[in-house]
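The values are calculated or read from the model by the stated rules, or taken from the named source; none is laboratory data. Keep in mind that this is a model prediction, so the values were computed, not measured. Because the Cβ atoms are built from the backbone with ideal geometry, glycine has one as well, and the counts that use them run over all protein chains shown.
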Amino acid sequence: MSGAGSAPQTRYTGRFAPSPTGPLHAGSLVAALASWLDARAHAGRWLVRIEDVDQPRCVPGADTVILHQLATCGLVPDAPPVWQSARGALYQRALDQLVAQGHAYPCACSRKDIEDAQAALGHARERHAALPYPGTCRHGLHGRAARSWRFNATDFKQKSAPALDGKAQAATDLIANNTVHWTDRRLGPQQQDVALTVGDFVLRRADGLWAYQLAVVVDDADQGITDVVRGEDLADNTPRQILLQQALGLPTPRYLHTPLVYAPNGEKLSKQNGARALELSDPVQALAGAAQVLGLAPPKNPQAGVQEALLQWVAAWPRNYNGAP
Ligand code: GLU
């Protein structure tokens, strides 16, 4: 970050935030390596947060395996990891604030209620396409019992949230006519009308679990994250997260979404389509595979160990992803 001018300076803090639904695979290592390299290239801190809010999807012991895999690859966090499952009080406080400000409301709709309301509006569900919530409970429950809590994404009025520094302000915080505009360090200018695309999204689920969107925004702010570096599949969550940051008066980090690794069937690599746990008998080879996806050359020295390889990539990183746009 530049030291010029009077903008407040915040030390670069990045993070890797795996969901412990299984061990790291070739795809998740790309996000882990990219976030670590970006932090090191900025002489910043790198944190690990275990995103275990969606308990039914978590696999017992996967968190320990992931931390071990990261350490084997030389990716060691600068502070002890945090677990989202221990942070419910923070999420509750944020939800209370949103409710008090009129940004969140209780919802009584089941999945079937929502589908029926969408059908009544004449919206046919396309295969795999999620339709926006039709807003049934936005103005009251009409005697029905609350199941979940939603963020009111319609008619969102921009609040002046603190910027991390001049660059962050210019890169993101722009909400006009309900459309969030932001600039990704790799993908360039992006925009989304959240109300139109996803509608009033869930903050707390009917099963009582916290939604990813709320937990990630609260934690990124609480941990002082200045730079989010993560897989491109998460890019379309960013506008929802910016809306929440604005509503809660929290700073908006810079964002860099990294290329994905694809399975032979063309889908994003995941456990569901056969991604295998990383083969870590040769961590340099596993890292070199991730580095290649990020446009980084293999280690010059064929005998290089993990530390030497990582140093080479830290030095090369700014040429590929040199800071904020
Ligand atoms: N826990 C999310 C995942 O593993 C990543 C969230 C994030 O980086 O914002 O897909």
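Side notes on the structure shown:
- Selection status of Gly266, of a type outside the set (Lys, Arg) and surrounded by fewer than 17 Cβ atoms within 10 Å (Cβ to Cβ): yes
- Residues of the stretch 150-160 satisfying the condition of being assigned to a loop (DSSP other than H, G, I, E, B) and at pLDDT 85 or above: Asn152, Ala153, Thr154
- The single residue among Ser19, Ser35 that is buried (at least 22 other Cβ atoms within 10 Å of the Cβ) and either over 17 Å from Trp83 (Cβ atoms) or within 14 Å of the ligand (Cβ to nearest atom) (or both) turns out to be Ser35.
- For Leu67, the requirement of being surrounded by fewer than 21 Cβ atoms within 10 Å (Cβ to Cβ) and at pLDDT 95 or above is met.
- In the stretch 118-149, the qualifying residues are those that are at pLDDT below 85 and not in a loop (DSSP other than H, G, I, E, B), and the one that is nearest to Leu203 (Cα to Cα) is Gln118.
- Matching residues, the stretch 179-194, being crowded, with 21+ Cβ neighbours inside 10 Å and either touching a Ser or Thr at 6+ places or on another chain (Cβ under 6 Å) or on the phi > 0 side of the Ramachandran plot (or both): Trp182
- In the stretch 205-247, the residues that are near the ligand (Cβ under 10 Å from one of its atoms) and among the hydroxyl-bearing types (Ser, Thr, Tyr): Tyr212, Thr238
- Here is the figure for the stretch 47-105: residues that are more than 22 Å from Leu244 (Cβ to Cβ), among the hydrophobic types (A, V, I, L, M, F, W, C), without any contact (Cβ under 8 Å) to a residue 40 or more places away in the chain and away from the ligand (no atom under 16 Å from the Cβ) total 3.
- Breaking point among (1) without any contact (Cβ under 8 Å) to a residue 40 or more places away in the chain; (2) crowded, with 16+ Cβ neighbours inside 10 Å; (3) more than 23 Å from Pro80 (Cβ to Cβ), for Ala286: (1)
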